[in-house]
Amino acid sequence: MIVLAGVCLASYLIGGIPFSYLAGRVTRGVDLREFGSGNLGATNTYRVLGGRIAIIVLLLDIAKGFMPVFAAMHWLSAGTIPVHWLGVAAMFFSILGHLFSPYLGFAGGKGIATSAGAFAALAPWALLGAFVVFALVFAVSRIVSLGSIFAAVSLPVFVALSARLGLSTFEWSVEGVSILIMVIVLIKHRSNIQRLMSGTEKKLARVKPE
């Protein structure tokens, strides 16, 4: 239980590192929460800081989801606790850290990139399916939030499908977490959903801070 508790705490603290916020402060001296969509994530980083910095932030956000899960499953042992559960715990708490960063008064982003990193370590084939959905929706609409919502909704389907096809070892815990992540993503995107329904959601574009 000590190992499990350590995995949860470490994953939460790593997941909570606000790379987009730090990028804004270091490169432009701005708080990204005050510009663009106000969200702390790679998309708003692109809008405000540009593509190069956004790619770095995106990769770091993916890494902080991937590394805790990979480390928990491959480098740790928890005795009678199945190693798979360590991965699931690391996944959940790294994403939770991004959503509610302890370094920013429990504010955070919407969890897409960090979730992608975590699922890349635990259920890569399911993530690939969800990414294809995201790419297709984004290619047609040019709206990141719409692609993210469709990807999140499709993820539990691909988790189950990849197990059925023998591409991964199915664990109900992974399916449960994928459903939970889907719900969280939908909740975090509720303002986007309202704008999508009203036709006012903006396509991806640059917004330069004054």
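The values are calculated or read from the model by the stated rules, or taken from the named source; none is laboratory data. None of the values given here were measured: they were computed from a predicted structure. With ideal geometry, Cβ positions are generated from the backbone for all residues, glycine too; neighbour counts draw on all protein chains shown.
Does region 138-146 contain any residue that is over 20 Å from residue 95 (Cβ atoms) and hydroxyl-bearing (Ser, Thr, Tyr)? So that I can check it myself, show each step before the final result.
Step one: of region 138-146, the residues over 20 Å from residue 95 (Cβ atoms) are 138-143, 146.
Those left that are additionally hydroxyl-bearing (Ser, Thr, Tyr): 141.
Yes, region 138-146 has at least one match.
Restricting region 134-182 to residues that are in contact with a Lys or Arg (Cβ under 9 Å, 6 or more places away or on another chain) and in a helix (DSSP H, G or I), which is surrounded by the fewest Cβ atoms within 10 Å (Cβ to Cβ)?
Ranking the candidates gives 141 first.
Any residue at all in region 102-111 that is under 16 Å from residue 179 (Cα atoms) and within 16 Å of the chain's Cα centre (by Cα)?
Yes: one or more hits.
When the residues of region 26-60 are filtered to those that are within 17 Å of residue 205 (Cβ to Cβ) and of a type in the set (Gly, Ala, Ser), which remaining residue is surrounded by the most Cβ atoms within 10 Å (Cβ to Cβ)?
41
May I ask you to list the residues in region 26-67 that are charged (D, E, K, R) and modelled with pLDDT under 95?
The answer is 28, 31, 33, 34, 47, 52.
Could you say whether any residue in region 58-74 is farther than 17 Å from residue 122 by Cα and among the small types (Gly, Ala, Ser)?
No, every residue in region 58-74 fails to be farther than 17 Å from residue 122 by Cα and among the small types (Gly, Ala, Ser).
Scan (1) part of a helix (DSSP H, G or I); (2) farther than 26 Å from residue 122 by Cα for the single condition residue 30 breaks and write down its number.
Condition (1) is where residue 30 drops out.
Within region 90-131, track down each residue that is surrounded by fewer than 23 Cβ atoms within 10 Å (Cβ to Cβ), touching a residue at least 12 places away in the same chain (Cβ under 8 Å) and part of a loop (DSSP other than H, G, I, E, B).
Hits for region 90-131 are 100, 102, 103, 104.
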